[in-house]
Amino acid sequence: MLLRAAWRRAAVAVTAATGPKAAAPTRGLRLRVRDLAPQSAVPADTAAVPEAGPVLRPLYMDVQATTPLDPRVLDAMLPYLVNYYGNPHSRTHAYGWESEAAMERARQQVASLIGADPREIIFTSGATESNNIAIKGVARFYRSRKKHLITTQTEHKCVLDSCRSLEAEGFQVTYLPVQKSGIIDLKELEAAIQPDTSLVSVMTVNNEIGVKQPIAEIGRICSSRKVYFHTDAAQAVGKIPLDVNDMKIDLMSISGHKIYGPKGVGAVYIRRRPRVRVEALQSGGGQERGMRSGTVPTPLVVGLGAACEVAQQEMEYDHKRISKLAERLIQNIMKSLPDVVMNGDPEHHYPGCINLSFAYVEGESLLMALKDVALSSGSACTSASLEPSYVLRAIGTDEDLAHSSIRFGIGRFTTEEEVDYTVEKCIQHVKRLREMSPLWEMVQDGIDLKSIKWTQH
C-alpha cells in the first residue's frame, strides 16, 4: 500500500511538473515522435521549463544491432520491477519463493524454444558472456588433455577475442576460412579436427551478412569425432527453428535484446547428457549451478522468458512476413540501380539481414545521406578504423565494394511503408552520390578501373 501511495504521489508530481500531456506519438511514415518534456518525479522549485516540441526520429532498420522491447515482454516484466522484488535465491520467505518461481518459469520458456531441458539453461548478462563461458570454460576444464580449438574467420568479435586470449594461455586455435558464399567447407572442418581438439565454435547466423551455417551437419561431424560443438545463436534464436538435440549442439549462446527482450540478459545452454563440463569464469555464491555466480536479475530473466515464448508462438508468421519485406526491398533496389551486389549466400540466408554493396559509392557517405533511416555499414565506419569489415574481407569482397556496403535489418515491427521509404531514399541518394563520383563517370565511359595503375602523390 505504501509503495502504491508513493507511485501515486510521484505521478501527481510528474503531472504538475510537465503540464498537459503531449499528443500521442504517431507511427506514420517518417514520424517517430519523442516527447522531450521533463519527466522528473521531483517537484521543481524553479519556474517551469518551456515545453520542447516533438522531435522526428529516424526509421529503425538496424535490428541486428538490437531490437525494440515487445510490449508483451514489458507487461510480463513490470510486476517484477515493482511489487515482486524478492531475491530469487532467498529461500526463507515468500518474496524469494515468488521470484524463484518466476525465474524457473523463464528457464522453462527459454529451454522450450530450443528443445532443451530447463536444467541446461544458465542465465547470463548476454551473448558476449555466454560465448566467454562456453569457449573459455570448456577449453580450460579440458586443458590437461586437449589444447586445440576450431572456429571460423567470420565469428563475432567476442568469440575471436576469447580464442585469442586462449592462444595467449598456450592453446592452439584454427581459424577456418569461409567460401565466397560465407559458408564453411565441411571437408576443411573435418580435416582440421585433431585428437586434442576440445571444441568447435561456429555461429548459426552471421550478424553482418545473415548467412546460415550448416549447423546440423557440423553437429554430426563433431559428435562423430567426440568434439564438443558450440554455436553463437544470438542472431538465430527465435527467428529460425533450432533444436539442440536434433542438431547435436552441446553449447549455445542466446541474447535477450536480439529477440525483442530486455538488454543486459542472455543465456547459455550447456548439455547435461552426455555431460559437458565448464570451468566457471566468475567466483561468488555459486548460483546457476556454480557456472555463473551472482544474483539472477528476476525482471530481466522474466523478460527473456516472455520474449522466447512470444518468438516461439510467432516464429512462422514473423519469418513469412520478414521474407516478403526483404524480397520487396532487394528487388526494388536492384531493378532501379545497376552494380548492386548482395553479400553472402542468397539461399542459405536469414531474410531479415540484408547486406548490399553499392559500387562507386562510399558506405559512410550513403549512411550520412540516409540520416532519416537508422542503418549500419558493413565497413567499420563507426569505429576509429576505416578498414573494411573483416567478415566481408573473409568472403573475398573487393576492398572498394566492402567500403560501399550497407546492412538493412528487417524485424517484427518493420512495416511495408518503412521498407518502401528506405528503398526510395536509398535509390535517390545512390544516384546522387554516383553522379558526383569520378569513378562512376569513368565506368560509364567504358574504362576498366582494374586496369588503371593509380599513382600516389
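Being of a type in the set (Gly, Ala, Ser) and either closer than 17 Å to residue 209 by Cα or crowded, with 20+ Cβ neighbours inside 10 Å (or both) is the filter here, so list the residues in region 330-359 that pass it. Lay out the reasoning, then the answer.
The initial filter retains those residues of region 330-359 that are of a type in the set (Gly, Ala, Ser), namely 336, 344, 352, 357, 359.
Answer for region 330-359, where residues must be of a type in the set (Gly, Ala, Ser) and either closer than 17 Å to residue 209 by Cα or crowded, with 20+ Cβ neighbours inside 10 Å (or both): 344, 352, 357, 359.
So, in region 177-189, exactly how many residues are in contact with a strand residue (DSSP E or B) (Cβ under 9 Å, 6 or more places away or on another chain) and either within 16 Å of residue 212 (Cβ to Cβ) or modelled with pLDDT under 95 (or both)? Don't jump to the end; show me each part of the working.
First pass over region 177-189, keeping only residues in contact with a strand residue (DSSP E or B) (Cβ under 9 Å, 6 or more places away or on another chain): 177-178, 181-185, 188-189.
Still in the running and either within 16 Å of residue 212 (Cβ to Cβ) or modelled with pLDDT under 95 (or both): 178, 181-185, 189.
Residues in region 177-189 being in contact with a strand residue (DSSP E or B) (Cβ under 9 Å, 6 or more places away or on another chain) and either within 16 Å of residue 212 (Cβ to Cβ) or modelled with pLDDT under 95 (or both): 7 in total.
Consider residue 234 carefully, then state whether it is in contact (Cβ under 8 Å) with a residue 12 or more places away in the chain and buried (at least 24 other Cβ atoms within 10 Å of the Cβ). Step through it out loud before you land on a result.
Details: in contact (Cβ under 8 Å) with a residue 12 or more places away in the chain: yes; buried (at least 24 other Cβ atoms within 10 Å of the Cβ): yes.
Against the criterion (in contact (Cβ under 8 Å) with a residue 12 or more places away in the chain and buried (at least 24 other Cβ atoms within 10 Å of the Cβ)), residue 234 qualifies.
When region 251-273 is examined, which residues are found to be at pLDDT 95 or above, open to solvent by 20 Å² or more (accessible area, probe 1.4 Å) and more than 17 Å from the chain's Cα centre (by Cα)? Show your work before the answer.
First, pick out the residues of region 251-273 that are at pLDDT 95 or above: 251-272.
From what's left, open to solvent by 20 Å² or more (accessible area, probe 1.4 Å): 257-258, 263-264, 271-272.
Selection gives 271, 272.
Output the residues belonging to region 288-305 that are touching a residue at least 12 places away in the same chain (Cβ under 8 Å), open to solvent by less than 40 Å² (accessible area, probe 1.4 Å) and more than 18 Å from residue 234 (Cβ to Cβ).
Those that are touching a residue at least 12 places away in the same chain (Cβ under 8 Å), open to solvent by less than 40 Å² (accessible area, probe 1.4 Å) and more than 18 Å from residue 234 (Cβ to Cβ): 288, 291, 293, 294, 296, 298, 299, 302.
Considering only region 121-137, state which residues are open to solvent by 20 Å² or more (accessible area, probe 1.4 Å) and assigned to a loop (DSSP other than H, G, I, E, B). Even if it seems obvious, please write down each step before you answer.
Quick first cut of region 121-137, residues open to solvent by 20 Å² or more (accessible area, probe 1.4 Å) only: 125, 128-129, 132, 136.
The answer is 125, and nothing else.
For residue 79, only one of the following conditions fails: (1) modelled with pLDDT under 95; (2) surrounded by 14 or more Cβ atoms within 10 Å (Cβ to Cβ). What is its number?
Checking residue 79 against (1) modelled with pLDDT under 95; (2) surrounded by 14 or more Cβ atoms within 10 Å (Cβ to Cβ), the one that fails is (1).
What number of residues in region 108-120 are open to solvent by 10 Å² or more (accessible area, probe 1.4 Å) and assigned to a helix (DSSP H, G or I)? I'd like the intermediate steps shown before the answer.
Taking region 108-120 as the starting set, the residues that turn out to be open to solvent by 10 Å² or more (accessible area, probe 1.4 Å) are 108-109, 112-113, 115-120.
Now restrict to residues that are assigned to a helix (DSSP H, G or I): 108-109, 112-113, 118-120.
Going through region 108-120 one residue at a time, the tally reaches 7.
Write out, first by first residue and then by second, each pair whose Cβ atoms fall under 6 Å of each other, whose residues are 6+ apart or on separate chains, and whose first residue, in region 364-392, is more than 12 Å from residue 403 (Cβ to Cβ) and acidic (Asp, Glu) while the second is outside any helix (DSSP H, G or I) and modelled with pLDDT of 90 or more.
372/58
Please determine whether any residue of region 92-106 is of a type in the set (Phe, Trp, Tyr), touching a Gly at 6+ places or on another chain (Cβ under 6 Å), without any contact (Cβ under 8 Å) to a residue 40 or more places away in the chain and open to solvent by 10 Å² or more (accessible area, probe 1.4 Å).
Yes: region 92-106 contains one or more residues that are of a type in the set (Phe, Trp, Tyr), touching a Gly at 6+ places or on another chain (Cβ under 6 Å), without any contact (Cβ under 8 Å) to a residue 40 or more places away in the chain and open to solvent by 10 Å² or more (accessible area, probe 1.4 Å).
Could you list, in sequence order, the residues of region 397-425 that are over 21 Å from residue 258 (Cα atoms) and either without any contact (Cβ under 8 Å) to a residue 12 or more places away in the chain or part of a strand (DSSP E or B) (or both)?
Across region 397-425, the qualifying residues are 398, 399, 405, 424.
Of all residues being closer than 18 Å to residue 211 by Cα and either of a type in the set (Phe, Trp, Tyr) or in contact with a helix residue (DSSP H, G or I) (Cβ under 6 Å, 6 or more places away or on another chain) (or both) in region 142-172, which is surrounded by the most Cβ atoms within 10 Å (Cβ to Cβ)? Just the residue, please.
So, considering only residues that are closer than 18 Å to residue 211 by Cα and either of a type in the set (Phe, Trp, Tyr) or in contact with a helix residue (DSSP H, G or I) (Cβ under 6 Å, 6 or more places away or on another chain) (or both), the one surrounded by the most Cβ atoms within 10 Å (Cβ to Cβ) is 154.
Please determine, by comparing only the residues of region 185-212 that are in contact (Cβ under 8 Å) with a residue 60 or more places away in the chain and in a loop (DSSP other than H, G, I, E, B), which one is surrounded by the fewest Cβ atoms within 10 Å (Cβ to Cβ). Let's see the steps before the verdict.
Start the filter on region 185-212 by keeping residues that are in contact (Cβ under 8 Å) with a residue 60 or more places away in the chain, which leaves 198-199, 201, 205-212.
So of that shortlist, the ones also in a loop (DSSP other than H, G, I, E, B) come out as 206-210.
Working: 206: 31, 207: 21, 208: 25, 209: 29, 210: 27.
Across region 185-212, the extreme among qualifying residues is 207.
The values are calculated or read from the model by the stated rules, or taken from the named source; none is laboratory data. Owing to the predicted nature of the structure, the values given are computational and were not obtained by experimental measurement. Neighbour counts run over all protein chains shown; Cβ positions are idealised from the backbone, glycine included. For the accessible areas, the whole protein counts, side chains as well, though only heavy atoms, and no ligand, DNA or RNA atoms are used. Shrake-Rupley method; radii C 1.70, N 1.55, O 1.52, S 1.80 Å.
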